[in-house]
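Asks: Supplied in C-alpha coordinates, the structure appears directly below.
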Number of protein chains: 2
Amino acid sequence: MPHTYDYPRAALTVDCVVFGLDEDDLKVLLIQRGQEPFAGRWALPGGFVHVDETIDQAARRELQEETGLSKVYLEQLYTVGDLGRDPRERVVTVAYYALVRLGDHRVQAATDARNAAWFAVDDPPRLAFDHDAILALALTRLQGKVRYQPLGFELLPPKFSLTRLQRMYEIILERPLDKRNFRKKVLSLGILEELDEVEQDVAHRAARLYRFDERSYRQLVKDGFNFEL
Amino acid sequence: MPHTYDYPRAALTVDCVVFGLDEDDLKVLLIQRGQEPFAGRWALPGGFVHVDETIDQAARRELQEETGLSKVYLEQLYTVGDLGRDPRERVVTVAYYALVRLGDHRVQAATDARNAAWFAVDDPPRLAFDHDAILALALTRLQGKVRYQPLGFELLPPKFSLTRLQRMYEIILERPLDKRNFRKKVLSLGILEELDEVEQDVAHRAARLYRFDERSYRQLVKDGFNFEL
(Lines give C-alpha, C1' and ligand atoms only; values in the text may rest on other atoms or scores of the structure.)
Protein backbone atom coordinates (compact mmCIF):
# COMPACT_ATOMS: atom_id res chain seq x y z
CA MET A 1 0.00 0.00 0.00
CA PRO A 2 1.46 3.38 -0.90
CA HIS A 3 1.85 5.76 1.99
CA THR A 4 -0.16 8.97 1.73
CA TYR A 5 2.24 10.63 4.08
CA ASP A 6 5.40 9.86 2.20
CA TYR A 7 8.12 10.56 4.74
CA PRO A 8 10.27 8.28 6.86
CA ARG A 9 8.04 7.06 9.63
CA ALA A 10 8.53 5.55 13.04
CA ALA A 11 7.84 1.89 13.60
CA LEU A 12 5.10 1.19 16.11
CA THR A 13 5.33 -1.48 18.78
CA VAL A 14 3.44 -2.56 21.88
CA ASP A 15 4.93 -3.70 25.19
CA CYS A 16 3.12 -5.41 28.03
CA VAL A 17 3.81 -5.10 31.75
CA VAL A 18 2.00 -8.03 33.34
CA PHE A 19 1.98 -8.08 37.14
CA GLY A 20 1.25 -11.18 39.19
CA LEU A 21 1.31 -11.77 42.92
CA ASP A 22 2.50 -14.66 45.03
CA GLU A 23 2.77 -14.93 48.81
CA ASP A 24 5.91 -12.85 49.03
CA ASP A 25 6.33 -10.71 45.96
CA LEU A 26 4.83 -8.68 43.24
CA LYS A 27 6.09 -10.30 40.06
CA VAL A 28 6.44 -9.16 36.48
CA LEU A 29 6.35 -11.39 33.44
CA LEU A 30 9.44 -11.13 31.25
CA ILE A 31 10.72 -12.83 28.14
CA GLN A 32 14.28 -13.52 27.15
CA ARG A 33 15.04 -12.09 23.74
CA GLY A 34 16.09 -14.59 21.09
CA GLN A 35 17.44 -12.09 18.60
CA GLU A 36 19.38 -8.87 18.28
CA PRO A 37 19.31 -6.23 19.52
CA PHE A 38 19.69 -7.28 23.14
CA ALA A 39 19.76 -11.00 22.29
CA GLY A 40 19.71 -12.98 25.53
CA ARG A 41 18.57 -9.98 27.57
CA TRP A 42 15.24 -10.07 29.41
CA ALA A 43 12.53 -7.72 28.20
CA LEU A 44 8.84 -6.95 28.40
CA PRO A 45 6.78 -9.09 26.04
CA GLY A 46 5.81 -7.10 22.97
CA GLY A 47 6.49 -6.48 19.31
CA PHE A 48 5.54 -4.68 16.15
CA VAL A 49 1.98 -3.62 15.43
CA HIS A 50 0.69 -5.01 12.17
CA VAL A 51 -0.87 -2.49 9.83
CA ASP A 52 -4.17 -4.41 9.81
CA GLU A 53 -4.70 -4.85 13.57
CA THR A 54 -5.58 -2.41 16.32
CA ILE A 55 -2.94 -1.64 18.94
CA ASP A 56 -5.03 -3.47 21.56
CA GLN A 57 -5.11 -6.53 19.32
CA ALA A 58 -1.36 -6.28 18.79
CA ALA A 59 -0.75 -6.23 22.54
CA ARG A 60 -2.93 -9.29 23.12
CA ARG A 61 -1.37 -11.15 20.18
CA GLU A 62 2.22 -10.42 21.21
CA LEU A 63 1.55 -11.38 24.81
CA GLN A 64 0.04 -14.69 23.74
CA GLU A 65 2.73 -15.43 21.15
CA GLU A 66 5.61 -14.69 23.47
CA THR A 67 4.33 -15.97 26.80
CA GLY A 68 1.26 -18.14 26.14
CA LEU A 69 -0.92 -15.80 28.22
CA SER A 70 -4.37 -15.10 26.87
CA LYS A 71 -7.61 -13.63 28.20
CA VAL A 72 -5.75 -10.96 30.12
CA TYR A 73 -7.32 -7.55 30.56
CA LEU A 74 -4.67 -5.18 29.25
CA GLU A 75 -5.03 -1.51 30.06
CA GLN A 76 -3.16 1.15 28.12
CA LEU A 77 -0.41 2.68 30.22
CA TYR A 78 1.56 5.21 28.22
CA THR A 79 3.10 5.76 24.81
CA VAL A 80 6.85 6.22 24.80
CA GLY A 81 8.56 7.78 21.82
CA ASP A 82 11.98 9.01 22.88
CA LEU A 83 14.55 9.17 20.11
CA GLY A 84 17.19 6.47 20.18
CA ARG A 85 15.30 4.11 22.49
CA ASP A 86 15.75 1.34 19.92
CA PRO A 87 19.19 0.96 18.30
CA ARG A 88 17.67 -0.27 15.03
CA GLU A 89 15.60 2.73 14.08
CA ARG A 90 12.94 5.09 15.38
CA VAL A 91 10.41 3.05 17.31
CA VAL A 92 7.44 4.38 19.28
CA THR A 93 5.88 1.92 21.68
CA VAL A 94 2.45 1.83 23.28
CA ALA A 95 2.86 0.29 26.72
CA TYR A 96 0.07 -1.76 28.32
CA TYR A 97 -0.26 -3.24 31.75
CA ALA A 98 -2.29 -5.96 33.37
CA LEU A 99 -2.83 -7.67 36.71
CA VAL A 100 -3.24 -11.43 36.77
CA ARG A 101 -3.53 -14.22 39.30
CA LEU A 102 -0.22 -15.97 39.16
CA GLY A 103 -1.75 -19.41 39.59
CA ASP A 104 -4.17 -18.99 36.68
CA HIS A 105 -1.57 -18.58 34.02
CA ARG A 106 0.94 -21.14 32.89
CA VAL A 107 3.68 -19.31 31.13
CA GLN A 108 5.42 -20.67 28.07
CA ALA A 109 7.87 -19.06 25.73
CA ALA A 110 7.00 -19.05 22.05
CA THR A 111 7.96 -17.50 18.71
CA ASP A 112 10.97 -15.24 18.97
CA ALA A 113 11.27 -15.37 22.75
CA ARG A 114 13.77 -17.90 24.10
CA ASN A 115 12.20 -18.06 27.46
CA ALA A 116 9.43 -16.52 29.57
CA ALA A 117 9.37 -16.27 33.35
CA TRP A 118 8.14 -14.30 36.37
CA PHE A 119 10.58 -12.04 38.21
CA ALA A 120 10.20 -10.16 41.49
CA VAL A 121 9.48 -6.52 40.67
CA ASP A 122 11.90 -5.28 43.33
CA ASP A 123 14.79 -7.27 41.90
CA PRO A 124 14.41 -7.61 38.14
CA PRO A 125 17.27 -8.36 35.75
CA ARG A 126 18.59 -5.50 33.64
CA LEU A 127 16.10 -5.13 30.84
CA ALA A 128 16.45 -4.49 27.11
CA PHE A 129 15.66 -1.11 25.54
CA ASP A 130 14.05 1.35 28.00
CA HIS A 131 11.96 -1.39 29.55
CA ASP A 132 13.27 -0.62 33.05
CA ALA A 133 11.67 2.81 32.76
CA ILE A 134 8.41 1.39 31.39
CA LEU A 135 8.27 -1.12 34.25
CA ALA A 136 8.86 1.69 36.76
CA LEU A 137 6.06 3.70 35.15
CA ALA A 138 3.65 0.76 35.41
CA LEU A 139 4.56 0.26 39.06
CA THR A 140 3.95 3.94 39.82
CA ARG A 141 0.59 3.73 38.08
CA LEU A 142 -0.34 0.66 40.11
CA GLN A 143 0.72 2.31 43.38
CA GLY A 144 -1.23 5.42 42.42
CA LYS A 145 -4.38 3.43 41.75
CA VAL A 146 -4.36 1.99 45.24
CA ARG A 147 -5.28 5.46 46.42
CA TYR A 148 -8.62 5.71 44.68
CA GLN A 149 -9.59 2.27 43.40
CA PRO A 150 -10.11 -1.08 45.08
CA LEU A 151 -7.47 -3.61 44.17
CA GLY A 152 -7.04 -7.34 44.41
CA PHE A 153 -9.78 -8.83 42.30
CA GLU A 154 -7.34 -9.64 39.53
CA LEU A 155 -4.41 -10.49 41.81
CA LEU A 156 -5.73 -12.62 44.66
CA PRO A 157 -7.22 -16.11 44.59
CA PRO A 158 -11.05 -16.11 44.72
CA LYS A 159 -11.01 -16.69 48.50
CA PHE A 160 -8.49 -15.03 50.77
CA SER A 161 -7.89 -14.01 54.37
CA LEU A 162 -7.69 -10.37 55.45
CA THR A 163 -4.03 -10.99 56.28
CA ARG A 164 -3.46 -12.01 52.67
CA LEU A 165 -5.27 -8.90 51.44
CA GLN A 166 -3.21 -6.68 53.75
CA ARG A 167 -0.03 -8.41 52.59
CA MET A 168 -0.98 -7.61 48.99
CA TYR A 169 -1.29 -3.91 49.81
CA GLU A 170 1.97 -3.98 51.73
CA ILE A 171 3.79 -5.64 48.84
CA ILE A 172 2.45 -3.12 46.33
CA LEU A 173 2.98 -0.07 48.53
CA GLU A 174 6.33 -1.37 49.77
CA ARG A 175 5.61 -0.52 53.42
CA PRO A 176 3.97 -2.16 56.43
CA LEU A 177 0.40 -1.21 57.36
CA ASP A 178 -1.30 -1.12 60.72
CA LYS A 179 -3.46 -4.22 61.00
CA ARG A 180 -6.40 -2.78 62.95
CA ASN A 181 -6.57 0.35 60.85
CA PHE A 182 -6.32 -1.64 57.62
CA ARG A 183 -9.14 -4.01 58.58
CA LYS A 184 -11.42 -1.20 59.63
CA LYS A 185 -10.91 0.67 56.37
CA VAL A 186 -11.08 -2.27 54.04
CA LEU A 187 -14.22 -3.66 55.67
CA SER A 188 -15.88 -0.26 55.52
CA LEU A 189 -15.62 -0.26 51.72
CA GLY A 190 -18.46 -2.76 51.51
CA ILE A 191 -16.85 -4.87 48.81
CA LEU A 192 -15.88 -7.89 50.92
CA GLU A 193 -18.11 -10.86 51.58
CA GLU A 194 -17.32 -12.85 54.71
CA LEU A 195 -17.46 -16.58 54.03
CA ASP A 196 -18.37 -19.46 56.30
CA GLU A 197 -14.96 -20.95 55.62
CA VAL A 198 -11.48 -20.79 57.05
CA GLU A 199 -8.04 -21.36 55.57
CA GLN A 200 -6.95 -24.95 55.01
CA ASP A 201 -3.55 -26.49 55.69
CA VAL A 202 -1.99 -23.61 57.54
CA ALA A 203 0.45 -23.90 60.44
CA HIS A 204 -1.06 -20.97 62.34
CA ARG A 205 -4.66 -20.64 63.52
CA ALA A 206 -6.83 -20.84 60.39
CA ALA A 207 -8.17 -17.41 59.45
CA ARG A 208 -11.59 -16.54 58.16
CA LEU A 209 -11.86 -16.36 54.36
CA TYR A 210 -13.41 -13.57 52.34
CA ARG A 211 -14.18 -12.96 48.72
CA PHE A 212 -14.91 -9.84 46.75
CA ASP A 213 -18.48 -8.96 45.98
CA GLU A 214 -17.89 -8.43 42.28
CA ARG A 215 -20.77 -6.05 41.74
CA SER A 216 -19.88 -3.59 44.51
CA TYR A 217 -16.20 -4.01 43.65
CA ARG A 218 -16.81 -2.98 40.02
CA GLN A 219 -19.00 -0.13 41.15
CA LEU A 220 -16.26 1.15 43.43
CA VAL A 221 -13.68 0.91 40.62
CA LYS A 222 -16.03 3.15 38.66
CA ASP A 223 -16.83 5.56 41.49
CA GLY A 224 -13.44 5.70 43.13
CA PHE A 225 -12.79 6.49 46.77
CA ASN A 226 -10.02 7.69 48.98
CA PHE A 227 -8.10 4.90 50.61
CA GLU A 228 -5.66 6.55 52.98
CA LEU A 229 -3.46 3.86 54.39
CA MET B 1 16.75 5.60 6.13
CA PRO B 2 15.91 1.99 5.34
CA HIS B 3 13.36 0.41 7.63
CA THR B 4 14.62 -2.51 9.71
CA TYR B 5 11.11 -3.74 10.09
CA ASP B 6 10.22 -3.85 6.42
CA TYR B 7 6.44 -4.17 6.45
CA PRO B 8 3.71 -1.64 5.75
CA ARG B 9 3.51 0.51 8.83
CA ALA B 10 0.96 2.83 10.35
CA ALA B 11 1.48 6.56 10.20
CA LEU B 12 1.78 8.22 13.59
CA THR B 13 0.07 11.49 14.48
CA VAL B 14 -0.60 13.58 17.55
CA ASP B 15 -3.82 15.41 18.42
CA CYS B 16 -4.30 18.03 21.11
CA VAL B 17 -7.39 18.67 23.21
CA VAL B 18 -6.86 22.10 24.71
CA PHE B 19 -9.47 23.21 27.25
CA GLY B 20 -10.02 26.79 28.28
CA LEU B 21 -12.57 28.37 30.57
CA ASP B 22 -14.56 31.59 30.36
CA GLU B 23 -17.33 32.86 32.63
CA ASP B 24 -19.95 30.57 31.18
CA ASP B 25 -18.39 27.65 29.43
CA LEU B 26 -15.65 25.13 29.20
CA LYS B 27 -14.17 25.66 25.75
CA VAL B 28 -12.08 23.55 23.44
CA LEU B 29 -9.66 24.85 20.85
CA LEU B 30 -10.38 23.65 17.32
CA ILE B 31 -8.93 24.28 13.90
CA GLN B 32 -10.73 24.25 10.58
CA ARG B 33 -9.07 21.87 8.17
CA GLY B 34 -7.71 23.40 4.99
CA GLN B 35 -7.25 20.19 3.08
CA GLU B 36 -8.77 16.80 2.42
CA PRO B 37 -9.87 14.64 4.03
CA PHE B 38 -12.55 16.56 5.87
CA ALA B 39 -11.58 19.88 4.25
CA GLY B 40 -13.55 22.69 5.90
CA ARG B 41 -14.48 20.49 8.87
CA TRP B 42 -13.38 21.46 12.39
CA ALA B 43 -10.87 19.20 14.09
CA LEU B 44 -8.46 18.95 16.99
CA PRO B 45 -5.11 20.58 16.24
CA GLY B 46 -2.52 17.95 15.40
CA GLY B 47 -0.56 16.27 12.65
CA PHE B 48 2.11 13.79 11.69
CA VAL B 49 5.02 12.99 13.98
CA HIS B 50 8.36 13.57 12.29
CA VAL B 51 10.81 10.71 12.49
CA ASP B 52 13.39 12.91 14.25
CA GLU B 53 11.22 14.42 17.00
CA THR B 54 9.65 12.93 20.12
CA ILE B 55 5.89 12.62 20.26
CA ASP B 56 5.77 15.33 22.96
CA GLN B 57 7.74 17.63 20.66
CA ALA B 58 5.39 16.85 17.79
CA ALA B 59 2.36 17.74 19.90
CA ARG B 60 3.86 21.07 20.96
CA ARG B 61 4.99 21.86 17.41
CA GLU B 62 1.65 21.04 15.80
CA LEU B 63 -0.27 23.02 18.41
CA GLN B 64 1.93 26.04 17.83
CA GLU B 65 1.88 25.73 14.04
CA GLU B 66 -1.86 25.34 13.79
CA THR B 67 -3.11 27.63 16.56
CA GLY B 68 -0.22 29.86 17.64
CA LEU B 69 -0.34 28.45 21.19
CA SER B 70 2.97 27.83 22.85
CA LYS B 71 4.20 27.14 26.38
CA VAL B 72 1.25 24.91 27.10
CA TYR B 73 1.67 21.95 29.42
CA LEU B 74 0.40 19.02 27.36
CA GLU B 75 -0.32 15.78 29.16
CA GLN B 76 -0.63 12.50 27.31
CA LEU B 77 -4.21 11.30 27.23
CA TYR B 78 -4.51 8.10 25.20
CA THR B 79 -3.32 6.47 22.02
CA VAL B 80 -6.04 5.61 19.56
CA GLY B 81 -5.38 3.10 16.83
CA ASP B 82 -8.70 1.84 15.50
CA LEU B 83 -8.63 0.62 11.93
CA GLY B 84 -10.26 2.94 9.41
CA ARG B 85 -10.23 6.03 11.63
CA ASP B 86 -8.48 7.91 8.83
CA PRO B 87 -9.76 7.45 5.26
CA ARG B 88 -6.28 7.90 3.78
CA GLU B 89 -4.50 5.01 5.39
CA ARG B 90 -3.75 3.42 8.75
CA VAL B 91 -3.05 6.18 11.22
CA VAL B 92 -2.43 5.78 14.95
CA THR B 93 -2.72 8.97 16.98
CA VAL B 94 -1.35 9.89 20.39
CA ALA B 95 -3.86 12.26 21.97
CA TYR B 96 -2.73 14.95 24.42
CA TYR B 97 -4.70 17.35 26.52
CA ALA B 98 -4.06 20.62 28.27
CA LEU B 99 -5.78 23.23 30.40
CA VAL B 100 -5.11 26.89 29.70
CA ARG B 101 -6.32 30.28 30.84
CA LEU B 102 -8.39 31.54 27.98
CA GLY B 103 -7.19 35.12 28.39
CA ASP B 104 -3.50 34.20 28.21
CA HIS B 105 -3.58 32.77 24.74
CA ARG B 106 -4.29 34.61 21.56
CA VAL B 107 -5.24 32.08 18.97
CA GLN B 108 -4.22 32.35 15.35
CA ALA B 109 -4.53 29.88 12.53
CA ALA B 110 -1.40 28.95 10.68
CA THR B 111 0.06 26.45 8.19
CA ASP B 112 -2.53 24.02 6.91
CA ALA B 113 -5.32 25.16 9.22
CA ARG B 114 -7.76 27.63 7.72
CA ASN B 115 -8.94 28.90 11.01
CA ALA B 116 -8.59 28.33 14.74
CA ALA B 117 -11.19 29.12 17.37
CA TRP B 118 -12.63 28.22 20.77
CA PHE B 119 -15.89 26.29 20.95
CA ALA B 120 -18.11 25.45 23.91
CA VAL B 121 -17.45 21.84 24.86
CA ASP B 122 -21.15 21.11 25.30
CA ASP B 123 -21.99 22.31 21.80
CA PRO B 124 -19.09 21.62 19.46
CA PRO B 125 -19.39 21.36 15.69
CA ARG B 126 -19.23 17.89 14.14
CA LEU B 127 -15.54 17.04 14.09
CA ALA B 128 -13.30 15.37 11.54
CA PHE B 129 -12.03 11.80 11.96
CA ASP B 130 -12.85 10.31 15.40
CA HIS B 131 -12.11 13.60 17.12
CA ASP B 132 -15.56 13.67 18.76
CA ALA B 133 -14.60 10.50 20.62
CA ILE B 134 -11.17 11.85 21.57
CA LEU B 135 -12.76 15.05 22.89
CA ALA B 136 -15.23 12.99 24.93
CA LEU B 137 -12.35 10.95 26.34
CA ALA B 138 -10.50 14.09 27.38
CA LEU B 139 -13.60 15.48 29.04
CA THR B 140 -14.10 12.26 30.98
CA ARG B 141 -10.47 12.36 32.10
CA LEU B 142 -10.88 15.96 33.25
CA GLN B 143 -14.08 15.16 35.15
CA GLY B 144 -12.40 12.15 36.71
CA LYS B 145 -9.44 14.21 37.90
CA VAL B 146 -11.71 16.55 39.83
CA ARG B 147 -12.24 13.66 42.22
CA TYR B 148 -8.68 13.32 43.42
CA GLN B 149 -6.72 16.38 42.30
CA PRO B 150 -7.12 20.09 42.87
CA LEU B 151 -8.09 21.95 39.75
CA GLY B 152 -8.14 25.53 38.58
CA PHE B 153 -4.55 26.68 38.65
CA GLU B 154 -4.30 26.39 34.88
CA LEU B 155 -7.86 27.51 34.16
CA LEU B 156 -8.65 30.49 36.39
CA PRO B 157 -7.14 33.96 36.43
CA PRO B 158 -4.50 34.44 39.16
CA LYS B 159 -7.06 36.02 41.50
CA PHE B 160 -10.64 34.79 41.73
CA SER B 161 -13.64 34.73 44.01
CA LEU B 162 -14.96 31.54 45.60
CA THR B 163 -18.05 31.95 43.45
CA ARG B 164 -15.85 31.86 40.36
CA LEU B 165 -14.08 28.75 41.64
CA GLN B 166 -17.40 27.04 42.36
CA ARG B 167 -18.66 28.02 38.92
CA MET B 168 -15.59 26.36 37.39
CA TYR B 169 -16.38 23.10 39.16
CA GLU B 170 -20.02 23.33 38.15
CA ILE B 171 -19.12 23.90 34.52
CA ILE B 172 -16.73 20.97 34.45
CA LEU B 173 -18.98 18.61 36.39
CA GLU B 174 -22.08 19.81 34.56
CA ARG B 175 -24.17 20.09 37.72
CA PRO B 176 -24.90 22.69 40.42
CA LEU B 177 -23.11 22.42 43.77
CA ASP B 178 -24.22 23.46 47.22
CA LYS B 179 -22.50 26.73 48.05
CA ARG B 180 -21.93 26.22 51.78
CA ASN B 181 -20.72 22.68 51.37
CA PHE B 182 -18.43 23.64 48.49
CA ARG B 183 -16.80 26.48 50.42
CA LYS B 184 -16.23 24.35 53.47
CA LYS B 185 -14.55 21.60 51.46
CA VAL B 186 -12.48 23.78 49.20
CA LEU B 187 -11.21 25.91 52.09
CA SER B 188 -10.29 22.81 54.07
CA LEU B 189 -7.86 21.74 51.33
CA GLY B 190 -5.41 24.39 52.49
CA ILE B 191 -4.44 25.49 48.99
CA LEU B 192 -6.24 28.84 48.90
CA GLU B 193 -4.78 32.11 50.07
CA GLU B 194 -7.29 34.78 51.07
CA LEU B 195 -6.29 38.17 49.69
CA ASP B 196 -6.88 41.62 51.05
CA GLU B 197 -8.68 42.51 47.83
CA VAL B 198 -12.17 42.33 46.43
CA GLU B 199 -13.54 42.08 42.92
CA GLN B 200 -13.53 45.25 40.82
CA ASP B 201 -16.25 46.53 38.50
CA VAL B 202 -18.97 44.09 39.41
CA ALA B 203 -22.67 44.87 39.57
CA HIS B 204 -23.25 42.75 42.68
CA ARG B 205 -21.55 43.19 46.05
CA ALA B 206 -17.82 42.77 45.42
CA ALA B 207 -16.59 39.40 46.68
CA ARG B 208 -13.34 38.60 48.41
CA LEU B 209 -10.54 37.42 46.10
CA TYR B 210 -8.36 34.36 46.58
CA ARG B 211 -5.38 32.88 44.86
CA PHE B 212 -3.84 29.44 44.90
CA ASP B 213 -0.84 28.82 47.10
CA GLU B 214 1.21 27.23 44.34
CA ARG B 215 3.38 25.14 46.63
CA SER B 216 0.56 23.45 48.54
CA TYR B 217 -1.44 23.18 45.32
CA ARG B 218 1.38 21.29 43.57
CA GLN B 219 1.85 19.11 46.64
CA LEU B 220 -1.83 18.20 46.61
CA VAL B 221 -1.70 17.38 42.89
CA LYS B 222 1.07 14.98 43.81
CA ASP B 223 -0.57 13.51 46.91
CA GLY B 224 -4.14 13.44 45.71
CA PHE B 225 -7.23 13.57 47.91
CA ASN B 226 -10.87 12.72 47.81
CA PHE B 227 -13.04 15.62 46.84
CA GLU B 228 -16.62 14.44 47.19
CA LEU B 229 -18.82 17.18 45.86
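Asks: How much of the accessible area of the protein assembly as shown, probe 1.4 Å, is carbon plus sulfur, in whole percent? Don't skip to the answer; put the middle values down first.
Replies: Numbers: 10390 of 22480 Å².
Roughly 46 percent, rounded to a whole number.
Asks: To the nearest 10 degrees, how steep is helix B:131-145 against the longest Cα principal axis of chain B, on a 0 to 90 scale?
Replies: 30 degrees
Asks: Using only Cα atoms, tell me the angle between helix A:55-67 and the longest principal axis of chain A; keep it within 0 to 90° and round to the nearest 10.
Replies: Between helix and principal axis, roughly 80 degrees.
Asks: Just from its helices, what would the mean residue ellipticity at 222 nm be for chain A, if runs of 4 or more DSSP H residues each count -39500 (n - 2.57) and the sum is divided by every residue, rounded to the nearest 500 deg cm²/dmol?
Replies: -8000 deg cm²/dmol
Asks: While we're looking at this one, here's another question. I'd like to know which of B:Tyr217, B:Leu173, B:Ala203 lies farthest towards the positive end of the charge dipole of segment B:162-223, counting +1 on Cβ of Lys and Arg and -1 on Cβ of Asp and Glu.
Replies: The one lying farthest along the dipole's positive direction is B:Leu173.
Asks: About its Cα centre, what dipole magnitude does segment A:11-145 give when the only charges are +1 on Lys and Arg Cβ and -1 on Asp and Glu Cβ, stated in debye to the nearest 20?
Replies: 80 debye
Asks: Okay, next question. Using the structure shown, list the pairs from A:Lys71/B:Lys185; A:Lys71/A:Lys145; A:Lys222/B:Lys27; A:Lys184/B:Lys222 with a Cα-Cα distance above 31 Å, or answer none.
Replies: From the list (A:Lys71/B:Lys185; A:Lys71/A:Lys145; A:Lys222/B:Lys27; A:Lys184/B:Lys222), the Cα-Cα distance tops 31 Å for A:Lys71/B:Lys185.
Asks: Considering only DSSP beta bridges whose two residues both sit in the protein assembly as shown, what percent are antiparallel, to the nearest 5?
Replies: So the antiparallel bridges amount to about 70 percent of the total.
Asks: Averaged across the residues of B:93-103, what count of C-beta atoms belonging to other chains lies within 10 Å of each residue's C-beta?
Replies: For this peptide, the per-residue mean of nearby foreign Cβ atoms is 1.
Asks: Mind listing P(r) for segment A:36-132? All alpha-carbon pairs, 10 Å bins, whole percents.
Replies: Over segment A:36-132, the share of Cα pairs per 10 Å bin runs 14, 47, 36, 3 percent.
Asks: Another question, if that's okay. Any idea of the accessible area per residue across chain A, 1.4 Å probe, to the nearest Å²? Numbers along the way, then the final one.
Replies: Details: 11250 Å² over 229 residues.
Per residue, chain A has 49 Å² of solvent-accessible surface.
Asks: Then there is this: Report the Cα-based extents of segment B:162-223 along its three principal axes, largest first, to the nearest Å.
Replies: Result, largest extent first: 39, 30, 18 Å.
Asks: Whole Å is fine, so just give me how far the alpha carbon centre of segment A:39-83 lies from that of segment B:137-184.
Replies: The two parts, judged by their Cα centres, are 38 Å apart.
Asks: Please report the equivalent ellipsoid semi-axes of the protein assembly as shown, computed as sqrt(5 x eigenvalue) of the Cα gyration tensor, largest first, in whole Å. Each step should come with its number before you reach the end.
Replies: Details: eigenvalues 302, 246, 58 Å².
Equivalent-ellipsoid dimensions as semi-axes: 39, 35, 17 Å.
Asks: When you have a sec, figure out the Kirkwood radius of chain B from all distinct Cα pair distances and drop it here in Å to one decimal?
Replies: Computed over Cα pairs of chain B, the Kirkwood hydrodynamic radius comes out at 19.2 Å.
Asks: Let me ask something else about it. What percentage of all Cα-Cα pairs in segment B:6-57 are separated by more than 16 Å?
Replies: It works out to 59 percent of all Cα pairs.
Asks: Nearest 10 degrees is fine. How inclined is helix A:214-223 to the longest principal axis of chain A, computing both from alpha carbons?
Replies: 60 degrees
Asks: Let me ask something else about it. Would you mind listing the distances between the B:Asp122 label point and the same position in each other copy? Use 7 Å along Cα-to-C-beta, nm, one decimal, shortest first.
Replies: 5.0
Asks: Also, I was wondering about something else. Using only protein heavy atoms and a 1.4 Å probe, how much accessible area in total is buried between B and A, to the nearest 100 Å²?
Replies: Result for this pair: about 3300 Å² buried.
Asks: How far, in nm to one decimal, is A:Leu189 from itself in the other copies if the label point is set 7 angstrom along Cα toward Cβ? Shortest first, please.
Replies: Output for A:Leu189: 2.4 nm, nearest copy listed first.
The values are calculated or read from the model by the stated rules, or taken from the named source; none is laboratory data. Nothing here was measured: the structure is a model prediction, and the numbers come from that model. Positions of Cβ are generated from backbone atoms using ideal geometry, with glycine treated the same way; all protein chains shown enter the neighbour counts. Accessible surface is based on the protein model in full, side chains and every heavy atom, while ligands, DNA and RNA are left aside. Shrake-Rupley method; radii C 1.70, N 1.55, O 1.52, S 1.80 Å.
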